[in-house]
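The structure under discussion appears below in the form of structure tokens.
The values are calculated or read from the model by the stated rules, or taken from the named source; none is laboratory data. These numbers come from a predicted model, not from an experiment. All Cβ positions, even for glycine, are placed from backbone atoms using ideal geometry, and neighbour counts span all protein chains on display.
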Amino acid sequence: MRRVVIVGYGMAGARLADELRRRDQDISITVVGAEPHAAYNRVLLSTVVAGTMTPESTRLHDEKWAEEHRVDLRLGWEVLEVDRTARTVVVGRAGGDPAPAIPYDALVLATGSVPWVPPAEGLTEDGRFAPGVVAFRTLDDCAQIEAKAGKGMPVAVLGGGLLGIEAARGLAGRGCLVTVVHPVGHLMERQLDPGAGGVLARTLGKLGIEFRLNSMATKYLPGDGLILDDGTHVPAELVVVSAGVRAETSLAVRAGLTVDRGIVVDDALRTSDPRIHAIGDCAQHPGTVSGLVQPAWDQAAVLADRLTGTDPSARYRGTSVVTRLKARDVDLAALGEVHTDVDCPDSEVLCFQEPSRGRYAKLVLRDDRVTGAIVLGAPDAAATITQLYDRGIPAPTDRLALLLGRALPAEAASPADLPSSAVICRCNTVSKGQIVSAWRAGAESLPQLAEATRATTGCGGCKDAVCGLLDWLGASQPAPA
Ligand SMILES: Cc1cc2nc3c(=O)[nH]c(=O)nc-3n(C[C@H](O)[C@H](O)[C@H](O)COP(=O)(O)OP(=O)(O)OC[C@H]3O[C@@H](n4cnc5c(N)ncnc54)[C@H](O)[C@@H]3O)c2cc1C
């Protein structure tokens, strides 16, 4: 019997354990997770900060999961060292003595990432955050934010990327007076061009959030706030650090594996030691933007195929990702090439903006196909454009109507017309065909479909589409093809 040891019980590690057990009832699975909680959906933490979801409802596994799936789960344990010659890992509880070593045939590093902390004086003391400073990465961070953030309290968020904005929106929703400090001239610069970043800032400004762009914090004064590089002061009784992440590679470095920005892996998700694999945020694969859940879950499926022998030739070739902002009252999707200029000679680029109504839409096409888009404040357009992008089919000739969300292509107008290959749940790469098959096999409610296909269990953004399919399936007699 093969022994697989998974380091990290986060979104990638938990998914891999599930995928392994689905394929193989006998394989020995050990999961070592440093956090004290059962695996949870980190993507939903902004809804916990916003107070719209409880910590419990983000859980990926219930208490009985490990026993029912015969997984040796070490919660609150850490892998301290890897002995590659003996093929064992040394584990221990934080601050405790090491326990007996655990042998492996295959070791999988799913150690995720850790917050990057800007070099402002006073933010940390002896390697820990100073009082009044908290990261935004874990359930424990959320508990701290919830405990501290009160109505009317000035709060500074360091970082105007996706997570910083989600944190800021959640805190503003709780009645805090939020200022976002961002070192770049516009928000979410990885996913947005300056025009879209400007409209987003304006929309969020109307919701009470202030921005200090092109600014860096140089000093933290506990209980008082931040001093910025231009000498100005941002009042803050709480500082939330959400300035980016870096892959957690310390264990891999100590084990002598090849590490660059992350743990370097090939298409078989092997590190420089073929018995050790890496998936999720900690892994660096050439075709992947790391730091998102969809690549992590795609990688878990490929690796499970390989480790169980279900498909030893399975390869991970990268994931095309769509980024969605999960902030109440703001609909934003960004995909593919977003930084192509309107005058780029190789591409057709359309751009529309209506800042006063919070709308911005940019569409990048090549050979009639969507290769990139930013859609802010126009959810209908976002849904259609995402479908076109996923499927690589030609865009309708009336581009303007498409951009404004008024031209649903015939194929996307009704679930019946979607092709079987259309991706409905992006986080889990679930197609319409898989949903129809699961429904035919008896999964006739949303929870049953979620259980059978995993659709809706990521960011939850596809729930309406899945419900639409369920309605259509329920109304179709006989069952559709
Ligand atoms: C607030 C927030 C919102 C997000 N929103 C989105 C989103 O909308 N869309 C999206 O695609 N992605 C989003 N992400 C990113 C997404 O959550 C990550 O891409 C995903 O969690 C990666 O999974 P992972 O298992 O690689 O890492 P993690 O989920 O971070 O899990 C890694 C785990 O490994 C543990 N670990 C580390 N070292 C050891 C060790 N030596 N021994 C034992 N355990 C160890 C850690 O404690 C942790 O529990 C968001 C992240 C955050 C924080």
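Summary table below
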{"quantity": "Some residue of segment 433-441 being of a type in the set (A, V, I, L, M, F, W, C) and within 16 Å of the ligand (Cβ to nearest atom)", "calculated": "no"}
{"quantity": "Neighbours by Cβ (under 7 Å, 6+ apart or cross-chain): first from segment 111-134, over 23 Å from VAL253 (Cβ atoms); second polar (S, T, N, Q)", "calculated": "ALA120/THR218; GLU121/THR218; ALA130/THR124; VAL134/GLN144"}
{"quantity": "Count of segment 294-319 residues which are surrounded by 23 or more Cβ atoms within 10 Å (Cβ to Cβ) and either small (Gly, Ala, Ser) or more than 11 Å from the ligand (Cβ to nearest atom) (or both)", "calculated": "6"}
{"quantity": "Enumeration of residues in segment 343-357 that are within 26 Å of GLY287 (Cα to Cα) and either surrounded by fewer than 15 Cβ atoms within 10 Å (Cβ to Cβ) or outside the structural domain of ASP380 (by TED's automatic domain parsing) (or both)", "calculated": "CYS344, PRO345, ASP346"}
{"quantity": "Selected residue (only one of ALA34, ALA66, ALA86, ALA38 is at pLDDT 95 or above and either touching a His at 6+ places or on another chain (Cβ under 8 Å) or within 10 Å of the ligand (Cβ to nearest atom) (or both))", "calculated": "ALA34"}
{"quantity": "Among residues of segment 276-293, those that are within 12 Å of the ligand (Cβ to nearest atom), at pLDDT 95 or above and among the hydrophobic types (A, V, I, L, M, F, W, C), counted", "calculated": "4"}
{"quantity": "Residue check for THR58: within 13 Å of the ligand (Cβ to nearest atom), touching a residue at least 24 places away in the same chain (Cβ under 8 Å) and farther than 21 Å from VAL32 by Cα", "calculated": "no"}
{"quantity": "Selected residue (criterion: surrounded by the fewest Cβ atoms within 10 Å (Cβ to Cβ)) from residues of segment 238-275 that are within 12 Å of the ligand (Cβ to nearest atom) and among the charged types (D, E, K, R)", "calculated": "ARG254"}
{"quantity": "Tally, over segment 173-196, of residues that are within 16 Å of the ligand (Cβ to nearest atom) and over 22 Å from the mean Cα position of the chain (by Cα)", "calculated": "2"}
{"quantity": "Leading residue by the ranking (farthest from the ligand (Cβ to nearest atom)) among those in segment 142-156 that are touching a residue at least 24 places away in the same chain (Cβ under 8 Å) and within 28 Å of ALA38 (Cβ to Cβ)", "calculated": "LYS148"}
{"quantity": "Tabulated pairs, segment 27-55, first of a type in the set (Lys, Arg), second more than 8 Å from the ligand (Cβ to nearest atom), C-beta under 9 angstrom, 6+ apart or interchain", "calculated": "ARG42/THR58; ARG42/LEU139"}
{"quantity": "Residue pairs meeting the criteria (Cβ under 7 Å; at least 6 apart or on separate chains; first without any contact (Cβ under 8 Å) to a residue 60 or more places away in the chain, in segment 248-261; second within 14 Å of the ligand (Cβ to nearest atom) and assigned to a loop (DSSP other than H, G, I, E, B))", "calculated": "VAL259/THR249"}
{"quantity": "Selection status of GLY205, outside any loop (DSSP other than H, G, I, E, B) and touching a Cys at 6+ places or on another chain (Cβ under 8 Å)", "calculated": "no"}
{"quantity": "Any chance LEU80 is in a helix (DSSP H, G or I), at negative phi and not acidic (Asp, Glu)", "calculated": "no"}
{"quantity": "Flag if ARG2 is more than 10 Å from the ligand (Cβ to nearest atom), within 18 Å of TRP297 (Cβ to Cβ) and in contact (Cβ under 8 Å) with a residue 40 or more places away in the chain", "calculated": "no"}
{"quantity": "Test: PRO100 is of a type outside the set (Asp, Glu), surrounded by fewer than 21 Cβ atoms within 10 Å (Cβ to Cβ), not assigned by TED's automatic domain parsing to the domain that holds PRO274 and not in a strand (DSSP E or B)", "calculated": "no"}
{"quantity": "Count - residues of segment 89-115 that are closer than 23 Å to ALA283 by Cβ and within 12 Å of the ligand (Cβ to nearest atom)", "calculated": "13"}
{"quantity": "Segments classed as helices (runs of 4 or more DSSP H), wholly inside segment 420-481, with at least 1 members that are within 20 Å of the chain's Cα centre (by Cα)", "calculated": "446-453, 463-475"}
